[in-house]
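The values are calculated or read from the model by the stated rules, or taken from the named source; none is laboratory data. Keep in mind it's a predicted model, so treat the numbers as computed, not measured. Reconstructed Cβ throughout: ideal geometry from the backbone, glycine too, with neighbour counts over all protein chains shown. We work out accessible area using only protein heavy atoms, side chains counted, and drop any ligands, DNA or RNA first. Shrake-Rupley method; radii C 1.70, N 1.55, O 1.52, S 1.80 Å.
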Number of protein chains: 2
Amino acid sequence: MATFKTRAQYVADDLRERILGGEFKGGSQLRQDALARDYDVSRIPVREALLTLESEGLVEFHAHRGAFTTELSVAAIRELFDLRVLLETYVLRHAIPNLTAADLDHAGSVLRQYDAALDSGSQIDNWSDYNFAFHHALYAPSGLPETLAMIGQLNTKSGRYIRMQLVYTREIEKAELEHRELLELARQGDVDKACRLLESHIKDAAEGIAAVLEKNLRSA
Amino acid sequence: MATFKTRAQYVADDLRERILGGEFKGGSQLRQDALARDYDVSRIPVREALLTLESEGLVEFHAHRGAFTTELSVAAIRELFDLRVLLETYVLRHAIPNLTAADLDHAGSVLRQYDAALDSGSQIDNWSDYNFAFHHALYAPSGLPETLAMIGQLNTKSGRYIRMQLVYTREIEKAELEHRELLELARQGDVDKACRLLESHIKDAAEGIAAVLEKNLRSA
DNA sequence: GCCATATGGATTGCATACAATATCCAGATT
DNA sequence: AATCTGGATATTGTATGCAATCCATATGGC
């Protein structure tokens, strides 16, 4: 069922990856005509894709001037990460009591895939997806789909900067260790400790990103 | 600046009002052709408007079948209101210490406008906007624009049901009293009491809506 | 020399027209 | 009788082309 994908959706998915991957820096303009040629479609599906990305906070439309990739201020990034702490500890708190053995197994298997990917080389492009998959595996049993959707939005909006931080500071290994610890605490059902760890896990990432951004600002 | 509004935006704004106003119940289909005739535009801006509304959670696209207004389950509504409690107490907590005399005056004047609207007759259409304006006046000094945007999303998504509850249960007056109390607590800087009141204010609304929906379900 | 205004060029926003897809219903098959 | 097949129909999804708008540059008045 519903295996059909419109061209607009295809363009949106690919363009999202390109933006999150850092191909378009700063507030660079995305010309509809050029993108249409890129994807060999007309400008209509490109426009629709850009509208979708606008609603996700990745681009901004200026009437008759076109779409530009958004650039988040350091303050905005801090705010988004504070929101992540608030919402993710909230769902984790609700998820842990519901975790089944199958849920824990699934989260564990995602972690093992991390390791395989790490060992096989720097598949950093996919790391963000794995990261989100692990967090999602822990959160899903909360039975709070609307909340999970908002968390997904926050991740998308700040995704570009998360990847940047990972590349710059190479602290994937540290995150990986914290993930293992988080899974263990969840297995033990220690809600408070797990939430505290999650909070510092997210805040550390935010501080790393802020540091990188502020360094870049000074050098520019 | 930027006083220009595309037709797609105009259609989106108007259609949003119509959906929130309850003109399209249940999962009713929104045919692009009919809407295009309604607004005397082509289907392109209609499609773009529908895409915008989809990102706001008001409609859903089914490929080649069209757009349908979404219908939230009682569980989803409860979840959205729980999220509102979480996020709104969060911003209120951050806003109260920053409230200036001008902020309090502004919030008070919004309240006075309520009263005027109430006395002049049942301008229920506008009440939701006033309601949001009051809450926004209290929250804005938090200096957390991203969080405010998410709260706005939650309000939009659940807006249809808020209006329904107000019409059915006529508890506008109660909400109005609570607003005055909330403003007074904010003026006194009593963060904890204000947040507790806000929490029950939102939860009461959620329970009222759930009661109405469950009654409707039984009668249907 | 400086500010207001007009004009050219580029790009978007939209209307029209066509292609692709899902659904429905009739008819055949088991 | 129930299920499956296939074509007709309605509706969406997209391509093309044109009109509207913005920005930059040049021009004229003071």
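Among the residues in the range B:151-164, are any more than 14 Å from chain A (Cβ to nearest Cβ) and open to solvent by 50 Å² or more (accessible area, probe 1.4 Å)? Outline the logic, then answer.
Residues of the range B:151-164 that are more than 14 Å from chain A (Cβ to nearest Cβ), as a first pass: B:159-160, B:162-164.
So of that shortlist, the ones also open to solvent by 50 Å² or more (accessible area, probe 1.4 Å) come out as none.
The answer is no, given that none of the residues of the range B:151-164 is more than 14 Å from chain A (Cβ to nearest Cβ) and open to solvent by 50 Å² or more (accessible area, probe 1.4 Å).
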(request) Go through the range A:1-33 and count every residue that is touching a Phe, Trp or Tyr at 6+ places or on another chain (Cβ under 8 Å), more than 15 Å from DNA strand C (Cβ to nearest atom) and either of a type in the set (Gly, Ala, Ser) or within 22 Å of residue A:213 (Cβ to Cβ) (or both). (result) 1
(message) Just checking, does the range A:42-64 include any residue being more than 13 Å from every other protein chain (Cβ to nearest Cβ) and more than 16 Å from residue A:161 (Cα to Cα)?
(response) no
(request) Mind telling me which of the residues B:206, B:140, B:194 ends up being more than 22 Å from residue B:102 (Cα to Cα) and either open to solvent by 30 Å² or more (accessible area, probe 1.4 Å) or in the same structural domain as residue B:112 (by TED's automatic domain parsing) (or both)? (result) B:206
(message) Regarding the range B:51-59, can at least one residue be identified that is buried (at least 19 other Cβ atoms within 10 Å of the Cβ), within 15 Å of DNA strand C (Cβ to nearest atom), without any contact (Cβ under 8 Å) to a residue 24 or more places away in the chain and outside any loop (DSSP other than H, G, I, E, B)?
(response) yes
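Looking only at the range B:98-114, decide whether some residue is away from DNA strand C (no atom under 16 Å from the Cβ), in a loop (DSSP other than H, G, I, E, B) and surrounded by 14 or more Cβ atoms within 10 Å (Cβ to Cβ). Before you say what the answer is, go through the steps one by one.
Start the filter on the range B:98-114 by keeping residues that are away from DNA strand C (no atom under 16 Å from the Cβ), which leaves B:98-114.
With in a loop (DSSP other than H, G, I, E, B) added as a condition, the list becomes B:99-100.
The next check asks that each one be surrounded by 14 or more Cβ atoms within 10 Å (Cβ to Cβ); those that pass are B:99.
Checked the range B:98-114: at least one residue is away from DNA strand C (no atom under 16 Å from the Cβ), in a loop (DSSP other than H, G, I, E, B) and surrounded by 14 or more Cβ atoms within 10 Å (Cβ to Cβ).
Can you tell me how many residues within the range B:90-121 are of a type outside the set (Lys, Arg) and within 14 Å of another protein chain (Cβ to nearest Cβ)?
5
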(request) Please verify whether the range A:27-39 includes one or more residues that are open to solvent by less than 60 Å² (accessible area, probe 1.4 Å), more than 10 Å from DNA strand D (Cβ to nearest atom) and part of a loop (DSSP other than H, G, I, E, B). (result) yes
(request) Report yes if residue A:126 is closer than 16 Å to residue A:174 by Cα, under 18 Å from the mean Cα position of the chain (by Cα) and modelled with pLDDT under 90, otherwise no. (result) no
(request) Can you confirm whether the range B:18-38 contains a residue that is within 19 Å of residue A:63 (Cα to Cα) and of a type outside the set (Gly, Ala, Ser)? (result) no
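Could you count how many residues in the range B:65-89 are of a type in the set (Asp, Glu), part of a helix (DSSP H, G or I) and more than 11 Å from every other protein chain (Cβ to nearest Cβ)?
Initially, the range B:65-89 is screened for residues of a type in the set (Asp, Glu), giving B:71, B:79, B:82, B:88.
Cutting the leftovers down to part of a helix (DSSP H, G or I) gives us B:79, B:82, B:88.
Among the residues that remain, those that are also more than 11 Å from every other protein chain (Cβ to nearest Cβ) are: B:88.
Going through the range B:65-89 one residue at a time, the tally reaches 1.
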(message) The conditions are (1) farther than 22 Å from residue A:153 by Cα; (2) surrounded by 16 or more Cβ atoms within 10 Å (Cβ to Cβ), and residue A:66 fails exactly one of them. Which is it?
(response) (2)
